[in-house]
1. Of all residues in segment 201-246, how many are more than 15 Å from the chain's Cα centre (by Cα) and under 21 Å from F182 (Cα atoms)?
2. Report, by residue number, each residue of segment 60-75 that is out of contact with any Phe, Trp or Tyr (no Cβ under 9 Å at 6 or more places or on another chain), at pLDDT 95 or above and not in a strand (DSSP E or B).
3. Among L229, L192, which is of a type in the set (A, V, I, L, M, F, W, C), modelled with pLDDT of 95 or more and not in a helix (DSSP H, G or I)?
4. Anything in segment 76-93 that is surrounded by 14 or more Cβ atoms within 10 Å (Cβ to Cβ) and assigned to a helix (DSSP H, G or I)? List them, or say none.
5. What pairs come out if I take residues in segment 144-164 that are touching a residue at least 12 places away in the same chain (Cβ under 8 Å) and pair them with residues that are of a type in the set (D, E) and in a helix (DSSP H, G or I) whose C-beta lies under 8 Å away, six or more apart or interchain?
6. Name the one entry in R135, R122, R51 that is modelled with pLDDT of 95 or more, within 28 Å of T227 (Cα to Cα), assigned to a helix (DSSP H, G or I) and of a type outside the set (D, E).
7. Which of the residues spanning segment 8-45 are within 20 Å of V64 (Cα to Cα), in contact with a Phe, Trp or Tyr (Cβ under 8 Å, 6 or more places away or on another chain) and not in a loop (DSSP other than H, G, I, E, B)?
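The values are calculated or read from the model by the stated rules, or taken from the named source; none is laboratory data. Since the model is a prediction, treat every value here as computed from it, not as a measurement. Cβ: placed from backbone, ideal geometry, glycine included. Neighbour counts: every protein chain shown.
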Amino acid sequence: MGAAAELLAQMNGQGAIPRHVAIIMDGNGRWARERLLPRPVGHREGMKSVRAVVEAAIEAKIEVLSLFAFSQENWQRPAGEVSALMSLLEEYIQKEARELHERGVRVVFLGDLDRLGPVQRRAVDGVMSLTAANRTLVLNLFISYGSRAELVRAARLIAEDVAAGRLAPEQVDEAAISARLFTADCPDPDLLIRTSGEMRISNFLLWQVAYTELVISPVLWPDFGRTELFQAIVDYQSRDRRFGRVSA
């Protein structure tokens, strides 16, 4: 029995599987640099890890998998790298859309999608439409996303509703904010994994991860796969999640 299979058996025998796992996919550039390769090669290798982790999430019966693919700040990277990333996005959808659909994955892109080029936007809208009725796994892909911008957007929507008389000021509570986030239809993440060993949340799901368990993996994203995901879940299962309360 391989390491991943052993970890899967351990997971299934020792506790609850997290409903929602979020991952900050980090380390593509470093992976390429360590091999004296161009950064786009690292991003392409990272695309293979996306496939592996999606397959592993289905195997583990995770309900929601959220992947931080491209931040708002990433638009400031060199134009050539941004162009390569947008081409990879289109390529990923072309290669994976049918299989994701056949495996029951519902693909959802979240973020400021209006900044995408017309070709990428058509591809994104197409795969979301194709997979909209699927129920095996929700795959949230965060593109052109920043959590502070998401919170500003939620505040603006609340202000508009109050100004229009659709919402009273005293009705503005945590539920009102959560309902206006991109993730309104999903439970908050139970587990947030960051690869490459960096100790930052990097403006990802700041509201949603208030009580999320964190696992920092030293593994660079192109080397992260089934075994690493299952190990993170085993680590998660060993935690005592108190949500601010005291254990009995």
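1. Of the residues in that region, 2 qualify.
2. Going through segment 60-75, the residues out of contact with any Phe, Trp or Tyr (no Cβ under 9 Å at 6 or more places or on another chain) turn out to be 61-65, 73-75.
This time we only want the ones that are at pLDDT 95 or above, so: 61-65.
K61, I62, E63, listed by residue number.
3. Details: L229 fails: not in a helix (DSSP H, G or I).
Just one listed residue meets the conditions, L192.
4. Taking segment 76-93 as the starting set, the residues that turn out to be surrounded by 14 or more Cβ atoms within 10 Å (Cβ to Cβ) are 77, 81-82, 84-90, 92-93.
Selection gives E81, V82, A84, L85, M86, S87, L88, L89, E90, Y92, I93.
5. From segment 144-164, the pairs are G146/E73.
6. Values: R135 fails: assigned to a helix (DSSP H, G or I); R122 fails: within 28 Å of T227 (Cα to Cα).
Exactly one of R135, R122, R51 is modelled with pLDDT of 95 or more, within 28 Å of T227 (Cα to Cα), assigned to a helix (DSSP H, G or I) and of a type outside the set (D, E), namely R51.
7. Step one: list which residues in segment 8-45 are within 20 Å of V64 (Cα to Cα), which gives 8, 11-12, 15-26.
Retained after the next criterion (residues that are in contact with a Phe, Trp or Tyr (Cβ under 8 Å, 6 or more places away or on another chain)): 8, 11, 18, 22-26.
Correct list: L8, M11, A22, I23, I24.
For every residue, the table says whether it meets (1) among the acidic types (D, E); (2) buried (at least 18 other Cβ atoms within 10 Å of the Cβ); (3) closer than 18 Å to S49 by Cβ; (4) in contact (Cβ under 8 Å) with a residue 60 or more places away in the chain.
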position	(1), (2), (3), (4)
G104	no, no, no, no
F109	no, yes, no, no
D112	yes, no, no, no
V119	no, no, no, no
D125	yes, no, no, no
A132	no, no, no, no
T136	no, no, no, yes
L139	no, yes, yes, yes
